[in-house]
Amino acid sequence: MANKINTIGILTSGGDAPGMNAAIRAVVRKAISNGVKVKGIKKGYQGLLNEEIVDMDARSVSDTIQRGGTILGTARCMEFKTEAGQQKGADICHKHGIEGLVVIGGDGSYRGAQALSRHGINTIGIPGTIDLDIACTDYTIGFDTAVNTAMQAIDKVRDTSSSHERCSIIEVMGRNAGYIALWCGVANGAEDILLPEKYDYNEQEIINNIIRNRKKGKTHHLIINAEGIGHSTSMARRIEAATGIETRATILGYMQRGGSPTCKDRYYASIMGAYAADILCAGSTNRVVGYRHGEFVDFDIEDALAMQKEIPEYEFQISKLLSL
Ligand code: ADP
Ligand code: F6P
């Protein structure tokens with residue numbers, strides 16, 4: 001297919017996620033193979049406003065597919081939320097001959113991409129976040145690595161929790177979404193899983209569950225608490241006081257965002273990156289790439305942002321039942 005543009009840019013924005021490098025690599029190499037030049041923009045929209053722009057070739061992304069983080073760097077940029085910041089960003093793109101831009105990030109980053117599209121720069125978003133909280137896609141880059149990292153860490157806490165017959169509250173990331181908590185809760189066989197979308201703050205129910213389980217002979221009690229609920233340390237203190245069972249809180253934190261991406265993250269990121277490069281080179285704009293019902297697809301950013309995502313009820317019910 002004939003290219004509609006000659007030069008594209010690429011940036012990563014918002015929180016980093018393992019697999020972003022695989023996506024960058026795929027965008028760069030697919031665009032080059034389409035005969036389109038690529039410029040890398042450092043540190044998200046902040047780097048665009050600072051004109052931190054470098055030429056990229058196939059070798060710029062060598063030896064990156066296995067690396068966590070993002071080789072381009074990332075940032076959150078308040079100035080880009082303003083009309084003046086967006087106009088400045090578009091002017092800088094024009095100055096550097098950047099006619100199209102791939103933005104790897106979450107919902108916030110797509111709003112920035114949407115704004116640039118309004119200012120005449122073609123934009124395509126790729127879902128990059130460990131939180132899995134983007135409604136238009138069943139998969140986001142980094143989630144698989146993050147849940148595997150968290151799952152392995154939680155297994156370790158479980159060992160010591162059992163030895164000491166303690167209750168453990170483990171807080172996982174996810175901002176306001178409970179997907180990391182749900183997946184780890186099921187995969188780690190947690191007794192309680194607290195999701196922002198479902199938790200009714202009835203701590204007494206958790207306390208009753210701990211006491212019931214102890215009577216049944218369970219030697220530990222694992223509670224996976226989502227970041228969106230938080231307060232794990234004070235929760236542990238209250239639970240210990242109410243049950244008489246030693247209770248410890250562990251907040252996993254940023255370790256969940258780092259590390260070498262899993263095969264799944266590398267694979268999906270690679271295909272999404274290539275897909276984004278193809279539709280951008282062919283002239284699409286204001287679109288976001290997704291993976292839905294077994295297929296790689298793309299949506300209008302406006303439509304994508306209007307979509308809602310919910311914790312599947314059946315999966316939530318099963319997550320509670322399996323810890324009987
Ligand atoms: P994510 O992309 O992971 O959702 P953020 O919400 O922090 O992360 O957004 C990343 C960046 O995208 C912000 O720092 C800002 O530069 C840009 N951004 C966010 N919201 C908007 C908006 N409404 N308009 C323009 N740019 C935005
Ligand atoms: O969006 C990814 C994420 O790690 C969330 O899970 C978390 O709430 C947030 O980013 C933390 O962001 P920051 O890096 O700004 O502390």
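Taking Cβ atoms as reference points and 9 Å as the exclusive limit, the residues near T129 contribute a net charge of -2, counting Lys and Arg as +1 and Asp and Glu as -1. Using equal-weight Cα scatterers in the Debye expression, the normalised intensity of segment 176-283 in log10 at q = 0.19 Å⁻¹ is -1.01.
On the chain, 50 percent of the accessible area sits on carbon and sulfur atoms, based on a 1.4 Å probe.
Taking the Cα centre as origin and putting +1 on Lys and Arg beta-carbons and -1 on Asp and Glu beta-carbons, what dipole magnitude results for the chain, to the nearest 20 debye?
Value, rounded to 20: 620 debye.
For the chain, relative contact order (Cα pairs under 8 Å, six or more residues apart, normalised by length) works out to 25 percent.
Which value, in debye to the nearest 20, describes the size of the charge dipole of segment 144-257 about its Cα centre when Lys and Arg Cβ atoms bear +1, Asp and Glu Cβ atoms bear -1, and nothing else is charged?
Numbers: 14 positive and 14 negative charges, 54 e Å.
Dipole about the Cα centre, nearest 20: 260 debye.
Distance between the C-alpha centers of segment 123-170 and segment 11-47? Whole Å please. Value for the Cα centre distance between the two parts: 24 Å. Ranked by the mean number of other Cβ atoms within 10 Å of their residues, highest first, the peptides 69-80, 12-23 come out as 12-23, 69-80.
Since only I130, Y201, L116 are under comparison, the one whose Cα sits farthest along the positive direction of the charge dipole of the chain, derived from C-beta charges on Lys, Arg, Asp and Glu, is I130. Taking the C-alpha atoms only, the angle from helix 263-281 to the longest principal axis of the chain is near 30 degrees. The residue list N21, I170, I92 was ranked by how far each Cα lies along the charge dipole of the chain toward its positive end, using unit charges on Cβ atoms, and N21 comes out on top.
Specify whether the C-alpha gyration tensor of segment 55-99 places it in the rounded, prolate or oblate class, a ≥ b ≥ c being the square roots of the eigenvalues: rounded for a/c under 1.5, otherwise prolate if a/b is larger than b/c and oblate if not. Verdict is oblate for segment 55-99.
The share of C-alpha pairs in segment 32-121 whose separation exceeds 17 Å stands at 49 percent. Step through the table entries K42/K156; K42/K88; K30/K264; K198/K218; K156/K264; K4/K309, compare each Cα-Cα distance with 28 Å, and write down the pairs that go over it. Result: K42/K156; K4/K309 exceed 28 Å.
Note on Q87 and A241: with the Förster distance fixed at 51 Å, the Cβ-Cβ geometry gives a FRET efficiency of about 0.35. Think of segment 144-257 as a dipole: +1 on every Lys or Arg Cβ, -1 on every Asp or Glu Cβ, centred on the Cα centre; then among I180, Q152, L222, L222 lies furthest on the positive end.
Heavy-atom accessible area for I279, with the other protein chains in place and a 1.4 Å probe, reaches approximately 30 Å².
For the chain, the solvent-accessible area works out to 43 Å² per residue, with a probe of 1.4 Å and every protein chain left in place. Across the chain, the fraction of Cα-Cα pairs farther apart than 29 Å, rounded to a whole number, is 41%.
On a per residue basis, the convex hull of the C-alpha atoms belonging to segment 109-180 measures out at 85 Å³. Segment 245-317 and segment 66-102 have Cα centres lying 20 Å from one another.
The values are calculated or read from the model by the stated rules, or taken from the named source; none is laboratory data. For clarity, every value in this text was computed on a predicted model and none was experimentally measured. Note that we place each Cβ from the backbone using ideal geometry, even for glycine, and neighbour counts take in every protein chain shown. Only protein heavy atoms, including side chains, enter the accessible area calculation; ligands, DNA and RNA are left aside. Shrake-Rupley method; radii C 1.70, N 1.55, O 1.52, S 1.80 Å.
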